[in-house]
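Structure record follows, encoded as structure tokens.
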Amino acid sequence: MNIEEFRKFCLNLPAVTEDIKWENNLVFSVGGKMFCLADLDPPFQASFKVREEEFEELSARDDIIQAPYFARMKWVKVMDESALSRQEWEHFLRQSYQLVKSKLPKKTRESIGNDE
């Protein structure tokens, strides 16, 4: 997955917004809360939230680390796009979206709708 595919996939999820933070990070949010981000400077690298039980296992893989500044919230950073298959990328991005969405206030979640 490259940054264009990453962006397209994220923007196809319901109620997702994008913006640039910290000068060089493309950030995707649901209900105003970030669920993933990508570095705009090459090479393509991206961070996202994972389930607590997956955090240690994923960050032990080659080219995946605990995300700087976000590790305490169980975020990982993929340092090389080939560290995950296309199917894994889509799974983890969708899962990150759902994890963040599930913590939004009930009224916000209801306004987004039941997407998956």
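The values are calculated or read from the model by the stated rules, or taken from the named source; none is laboratory data. The shown structure was predicted, so the numbers you read here are calculated from the model rather than taken from an experiment. Cβ coordinates were reconstructed from backbone atoms using ideal geometry, including for glycine residues, and neighbour counts include every protein chain displayed.
With respect to the conditions (1) free of Cβ contacts under 8 Å to residues at least 40 places away in the same chain; (2) of a type outside the set (Phe, Trp, Tyr); (3) out of contact with any Ser or Thr (no Cβ under 8 Å at 6 or more places or on another chain), ARG51 lacks only one, and its number is (1).
For the stretch 11-50, give me every one of the strands (runs of 3 or more DSSP E) that falls completely inside it and has 1 or more residues that are surrounded by fewer than 19 Cβ atoms within 10 Å (Cβ to Cβ). Correct list: 16-21, 25-30, 33-39.
Take the residues in the stretch 57-116 that are among the hydroxyl-bearing types (Ser, Thr, Tyr) and assigned to a helix (DSSP H, G or I), then tell me which one is farthest from PRO14 (Cα to Cα). Full working, then the answer.
Going residue by residue through the stretch 57-116, those that are among the hydroxyl-bearing types (Ser, Thr, Tyr) are 59, 69, 82, 85, 96-97, 102, 108, 111.
Applying the additional criterion that residues be assigned to a helix (DSSP H, G or I) yields 59, 82, 96-97, 102, 108, 111.
Working: SER59: 28, SER82: 26, SER96: 13, TYR97: 10, SER102: 13, THR108: 12, SER111: 10 Å.
Of everything passing the filter in the stretch 57-116, SER59 is farthest from PRO14 (Cα to Cα).
Say we look at the stretch 1-14 and pick out the residues that are hydrophobic (A, V, I, L, M, F, W, C), out of contact with any Leu (no Cβ under 7 Å at 6 or more places or on another chain) and at pLDDT 95 or above; which of these is nearest to SER102 (Cα to Cα)?
Initially, the stretch 1-14 is screened for residues hydrophobic (A, V, I, L, M, F, W, C), giving 1, 3, 6, 9-11, 13.
So of that shortlist, the ones also out of contact with any Leu (no Cβ under 7 Å at 6 or more places or on another chain) come out as 1, 3, 6, 11, 13.
Within this subset, residues satisfying the condition of being at pLDDT 95 or above are 6, 11, 13.
Values: PHE6: 22, LEU11: 18, LEU13: 14 Å.
Out of the qualifying residues, it is LEU13.
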